[in-house]
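First up is the structure itself, then whatever we jot down about it.
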Amino acid sequence: MKIKKIAALGAAVGLVLSGVAFASSASAEPVANSYAVVGSDTLQDSMNALTNGTSVSGASVRILAGGKSIGNFDAFGSAAIQTKPGGVYFARPNGSGSGRDALRASVSGTNWSVANNATPARAITGQVDIARSSSGPGTNANANGRLLYVPFGRDAVAYAYKGGTAAWANLTPAQLKSIYDGTLTSIDGVPVTPRLPQAGSGTRTFFLNALGYSGSAPTAPAVNDTGNVTPENDATVLGDNQIIPFSVANWVAQANNVSGVNTVAAAPTVALGSPVAGQVPFTGTAPSLVPSTGFYADTTFGRDTYLIVERAKVQSSFTYSGSPAYDAVLAGLVDSSKVTSLTNFTTSPFAPGAVKRKFGFLAPSSTTAIAAYAAG
């Protein structure tokens with residue numbers, strides 16, 4: 001499981017610009033004295049770098065919230081987390097959908113729990129401020145919605161595979177659909193077994209939707225999901241002749257050894273295949289892989305990723321009965337025009353955008369935020 005974190009740094013204000021080199025190492029859960037971030041595994045490592053500090057862009061970059069640290073909680077680790085000093089312990093959100101729903105519970109005051117997690121359901125009001133999401137709101141987009149999806153960076157989804165033959169490197173969407181349907185059981189004479197990450201994974205949902213499975217929590221006939229706790233973007237989970245969806249940004253970041261976690265190096269017989277005709281997921285050789293702009297631009301397998309926040313806190317013009325007060329600091333953290341913003345994507349080595357590029361993300365296709373979910 002991907003539970004290693006980039007080491008936290010000492011106090012600083014806003015964006016840190018210095019000559020200090022930051023090392024990657026295992027550490028305990030963060031201590032947030034401002035905002036708590038949960039959700040997507042796909043975004044967690046780049047967010048760890050931005051919130052704890054990094055020099056992967058060639059300059060020292062750290063994003064703070066009004067001079068205070070931001071707590072970015074991994075998708076996998078201990079069953080329960082405590083996001084705020086003195087706050088309740090609650091089930092760890094373990095993916096994009098789970099992070100989004102935890103934010104909704106934090107906003108609405110409803111009880112929160114996670115499937116396959118023994119932590120009791122409990123109210124988590126005010127315990128989550130930002131959710132990482134590797135996919136957009138889809139059919140939940142709503143002009144009057146109380147949540148706001150703010151673009152973070154552009155990613156794409158391919159598939160990782162172990163074993164097989166050269167023919168496995170370029171499986172078509174139709175072939176992949178048949179594999180996950182269970183009607184295609186071998187490729188080039190080699191048996192194939194499909195795998196999926198756990199149900200809270202945004203990469204799982206995006207991949208299955210791209211293949212034609214519908215809904216916000218799709219399943220595939222050939223995959224047994226009973227007790228499925230498989231982490232996403234982990235090359236070491238694959239057995240011989242298995243395939244699984246994989247974020248290209250995460251593959252690039254791991255292979256380039258910038259994330260503090262490298263399951264790609266730990267699984268040297270696993271490769272990344274392309275479902276987009278005529279396009280490879282990346283070019284170059286590790287540790288200098290570069291995302292393929294053509295693959296990322298694909299309208300089926302390319303995707304924008306997001307940070308989700310409560311809309312009334314970041315848009316002063318939006319209110320509803322009982323809405324919270326506008327929060328200028330939180331609004332600044334998701335204002336892409338600011339170099340001190342988590343959603344910034346300018347190319348200066350001193351900017352968050354340069355850090356995200358090192359983690360395999362390209363600029364999002366749009367910087368327009370999307371409102372979603374009419375109810376809190």
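Taking residue 152 as meeting all but one of (1) in contact with a helix residue (DSSP H, G or I) (Cβ under 9 Å, 6 or more places away or on another chain); (2) assigned to a loop (DSSP other than H, G, I, E, B), write down the number of the exception.
The one condition residue 152 does not meet is (2).
From 96, 133, 106, which residue is under 17 Å from residue 198 (Cβ atoms) and either among the acidic types (Asp, Glu) or at pLDDT 95 or above (or both)?
On inspection, the qualifying residue turns out to be 133.
Sort out which residues of region 58-75 are surrounded by 22 or more Cβ atoms within 10 Å (Cβ to Cβ) and over 20 Å from residue 129 (Cβ atoms), and write them in order of number.
The answer is 61, and nothing else.
Let's see how each residue does on (1) open to solvent by less than 20 Å² (accessible area, probe 1.4 Å); (2) assigned to a loop (DSSP other than H, G, I, E, B); (3) without any contact (Cβ under 8 Å) to a residue 60 or more places away in the chain:
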{"residue": "217", "(1), (2), (3)": "no, yes, no"}
{"residue": "227", "(1), (2), (3)": "no, yes, no"}
{"residue": "250", "(1), (2), (3)": "yes, no, no"}
{"residue": "257", "(1), (2), (3)": "no, yes, yes"}
{"residue": "279", "(1), (2), (3)": "no, yes, yes"}
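Would you check if there is a residue in region 234-248 being among the charged types (D, E, K, R), outside any helix (DSSP H, G or I) and touching an Asp or Glu at 6+ places or on another chain (Cβ under 7 Å)?
Looking through region 234-248, none of the residues is among the charged types (D, E, K, R), outside any helix (DSSP H, G or I) and touching an Asp or Glu at 6+ places or on another chain (Cβ under 7 Å).
If a residue has to be β-branched (Val, Ile, Thr), in a loop (DSSP other than H, G, I, E, B) and under 18 Å from the mean Cα position of the chain (by Cα) to count, how many in region 352-376 make the cut?
Selection size over region 352-376: 1.
Can you find a residue that is open to solvent by less than 10 Å² (accessible area, probe 1.4 Å), within 29 Å of residue 280 (Cα to Cα) and of a type in the set (D, E, K, R) anywhere in region 158-172?
There is no residue in region 158-172 that is open to solvent by less than 10 Å² (accessible area, probe 1.4 Å), within 29 Å of residue 280 (Cα to Cα) and of a type in the set (D, E, K, R).
Are any residues in region 43-77 among the hydroxyl-bearing types (Ser, Thr, Tyr), closer than 11 Å to residue 259 by Cα and part of a helix (DSSP H, G or I), and if so, which ones?
46
Looking only at region 259-277, which residues are within 19 Å of the chain's Cα centre (by Cα) and either in a strand (DSSP E or B) or under 19 Å from residue 163 (Cα atoms) (or both)?
Within region 259-277, 263, 264, 272 qualify.
Considering each residue of region 95-127, count those that are among the hydroxyl-bearing types (Ser, Thr, Tyr) and under 13 Å from residue 308 (Cβ atoms), and give that number.
The qualifying residues number 3.
For region 278-306, how many residues are out of contact with any helix residue (DSSP H, G or I) (no Cβ under 8 Å at 6 or more places or on another chain) and of a type in the set (A, V, I, L, M)?
Looking only at that region, the number is 1.
From 78, 46, grab the single residue that is open to solvent by less than 20 Å² (accessible area, probe 1.4 Å) and under 20 Å from the mean Cα position of the chain (by Cα).
Of the residues listed, the single one that is open to solvent by less than 20 Å² (accessible area, probe 1.4 Å) and under 20 Å from the mean Cα position of the chain (by Cα) is 46.
State all residues of region 314-334 that are open to solvent by 50 Å² or more (accessible area, probe 1.4 Å) and of a type outside the set (Val, Ile, Thr); if no residue qualifies, say none.
Residues satisfying the conditions are 315, 316, 317, 321, 322, 325, 326, 328.
Given the criteria under 20 Å from residue 132 (Cβ atoms), open to solvent by less than 20 Å² (accessible area, probe 1.4 Å) and either among the hydroxyl-bearing types (Ser, Thr, Tyr) or touching a His at 6+ places or on another chain (Cβ under 7 Å) (or both), does residue 340 qualify?
Answer is no for this residue.
Does residue 155 qualify as being acidic (Asp, Glu) and surrounded by 18 or more Cβ atoms within 10 Å (Cβ to Cβ)?
It is true that residue 155 is acidic (Asp, Glu) and surrounded by 18 or more Cβ atoms within 10 Å (Cβ to Cβ).
Search region 319-351 for residues being aliphatic (A, V, I, L, M) and assigned to a loop (DSSP other than H, G, I, E, B), and hand back the single one that is farthest from residue 154 (Cα to Cα).
Here the answer is 325.
One line per residue, one yes/no per condition, for (1) under 30 Å from residue 252 (Cα atoms); (2) among the hydrophobic types (A, V, I, L, M, F, W, C):
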position: 54; (1), (2): yes, no
position: 69; (1), (2): yes, no
position: 94; (1), (2): yes, no
position: 97; (1), (2): yes, no
position: 103; (1), (2): yes, yes
position: 111; (1), (2): no, no
position: 119; (1), (2): no, no
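For the structure I just gave you, tell me whether residue 260 is closer than 30 Å to residue 199 by Cβ and of a type in the set (Gly, Ala, Ser).
The answer is yes for residue 260.
The values are calculated or read from the model by the stated rules, or taken from the named source; none is laboratory data. The structure presented is a predicted model; accordingly, all values stated were derived computationally and were not measured. Here the Cβ is made from the backbone with ideal geometry for all residues, glycine too, and neighbour counts use every protein chain on show. Side chains included, ligands, DNA and RNA excluded: accessible areas come from the protein's heavy atoms. Shrake-Rupley method; radii C 1.70, N 1.55, O 1.52, S 1.80 Å.
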